[in-house]
1. Using 7 Å Cα-to-Cβ label points, what is the residue 232/residue 253 separation (nm, one decimal)?
2. Grab every C-alpha pair in the stretch 67-195, bin the distances at 10 angstrom width from 0 up to the longest one, and report whole percents.
3. Helix 28-48 sits at what angle to the longest principal axis of the chain, using alpha carbons and giving 0 to 90 degrees rounded to 10?
4. How big is the Rg/Rh ratio for the stretch 87-146, C-alpha atoms only, Rh by Kirkwood, two decimals?
5. What angle do you read, to the nearest 10 degrees and between 0 and 90, between the alpha-carbon axis of helix 120-139 and the longest principal axis of the chain?
6. Compute the angle between helix 235-252 and the longest alpha-carbon principal axis of the chain, please, reported from 0 to 90 degrees and rounded to the nearest 10.
7. Taking neighbour Cβ counts within 10 Å as the exposure measure, how do 143, 109 sort from fewest upward?
8. What shape does the stretch 1-160 take by its C-alpha gyration tensor, where a ≥ b ≥ c are the square roots of the eigenvalues and a/c under 1.5 counts as rounded, a/b above b/c as prolate, and the rest as oblate?
């Protein structure tokens, strides 16, 4: 349980900080594709007899290396090639799962995750990834903020926007890889997206958004662990459902809703005045 609490703390921080990039830069579909590539890589490792996390890392980084240029230079909507990458990795995942000999216990563990069985090496990997992401955010906050605001403008003023963008994609892959054993291949992306989306509902300030996302990520993991312990529920699924509940609450009490409602009313009054 101590390792599970540590994994929840570190995984919640790592995934939710990455989630801020995903939400603010509208990279949701890219993140889904990388998550499924990581799952396919883990199954490939299980099938061929090497470390599933190594396979997960290799596949997720390869997907990021392919998706980045497609999203940057595609001659048509980038959702199309990203969708092809997503479908290819999803097909590979189920192909590898079907080829696994014997019972599919390991495949199901990678699919759903088990934070209660996380090992010392798993916690160490999560710690390394969380510290790396946190340090990069602190050291390059201004550059990251500029790229999030507008990549072309950031590039015009001398910021290596493409390098920052590709680094964010690779960090997404590493965060997913580190969290895969505890959260699971089909659920890990929800832990990336939901806390950040909840934080986005409450503030326009990027620093506060990072802080709130990290807080919501840790709360999701710890509350999900408590509920899974009390009611004998699958831990990964419970963590994700708690993060969904946090997002719904933040959406209901979001000050941005009031601003949008005020703008709609003001716009309606303006139209009536014109008429």
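Computed from the coordinates by the stated procedures, all read-outs in this text should not be read as laboratory data. Model, not experiment: these values are computed from the prediction. No Cβ is skipped: glycine too gets one built from the backbone with ideal geometry, and neighbour counts run over all protein chains shown.
1. 3.4 nm
2. P(r) over the stretch 67-195, rounded to whole percents: 11, 30, 34, 19, 5, 0.
3. Once rounded, one gets 10 degrees.
4. Details: Rg = 17.6 Å, Rh = 14.8 Å.
My calculation puts Rg/Rh at 1.19.
5. 20 degrees
6. Helix 235-252 sits roughly 10 degrees off the main axis of the chain.
7. The fewest-first ordering by Cβ neighbours comes to 143, 109.
8. It is oblate, given that a/c is not under 1.5 and a/b is not larger than b/c.
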